[in-house]
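**Q** Sharing a structure below in structure tokens format, with a few things to ask.
The values are calculated or read from the model by the stated rules, or taken from the named source; none is laboratory data. Since this is a predicted model, take the numbers as computed values, not measurements. Cβ sites come from the backbone with ideal geometry, for glycine too, and all protein chains shown count toward neighbours. With ligands, DNA and RNA removed, areas are computed over all heavy atoms of the protein, side chains included. Shrake-Rupley method; radii C 1.70, N 1.55, O 1.52, S 1.80 Å.
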Amino acid sequence: ARHGETEANRLQITQGQNKQNPSTPNTYGDYLNPNGAKQAVLLGKALANVSFQSIYTSPAIRAFDTANAIIFYNQDSCDKTFVENTLIVEDGLLEIDQGAFEGMRVEDIKVRHPELYDLYKRKPSQFAFPQGESMLEAKERIGRTIDRILRHKSAEENILAVSHGGAIALVFIHIFGL
């Protein structure tokens, strides 16, 4: 599941991992805005009847808070041991490290770095964020994380990962071998 909206999302500001902005000692980045908090509640209510055996989250506060909303509305579907030991923070679910582009508006990136933006759009597998991850590095990191999560799970278990748009796209690329 993707996290709810942040003010940076609304303003089309690139967040990436946003590690330079610690929210708490164990989380990073921007909090959900009021609309994002509402989205998290709606997602929690929509998943209220799903009995999850594991819930993983990126350490970004926007994902962490979304996961906690899901847990809050999911408590009746799960046994008490699950609810008490539910949320597993997984660094490998962080968004792609967008390096020097973090904190920039998408429109500014297009104007200041048109050749990089064009490469990102046309050939993302050949793209690397300045001072950040390449798309291939991010795909490998996220793929290793998903493989590790799934390694000891059965097909009957319901597992939820709360992450980010770019990371989720790379999960699909990894799973389907694209």
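**Q** Checking the condition at pLDDT 95 or above and either β-branched (Val, Ile, Thr) or within 30 Å of Gly44 (Cα to Cα) (or both), which residue from Lys80, Lys153, Lys139 passes?
**A** Only one candidate passes the filter, namely Lys139.
**Q** Can you work out which of the residues in segment 26-70 that are among the charged types (D, E, K, R) and under 21 Å from Glu90 (Cβ atoms) is least open to solvent (accessible area, probe 1.4 Å)?
**A** Within segment 26-70, the match that is least open to solvent (accessible area, probe 1.4 Å) is Arg62.
**Q** Right, next: Taking the criterion of being polar (S, T, N, Q), under 21 Å from Asn18 (Cβ atoms) and in contact (Cβ under 8 Å) with a residue 60 or more places away in the chain, would at least one residue in segment 145-152 satisfy it?
**A** no
**Q** Against the condition in contact (Cβ under 8 Å) with a residue 60 or more places away in the chain and closer than 20 Å to Ile55 by Cβ, how does Leu170 come out, does it pass?
**A** So Leu170 fits the description; yes.
**Q** State whether the residues of segment 67-82 include one that is among the polar types (S, T, N, Q) and closer than 19 Å to Asp30 by Cβ.
**A** Among the residues of segment 67-82, at least one is among the polar types (S, T, N, Q) and closer than 19 Å to Asp30 by Cβ, which makes the answer yes.
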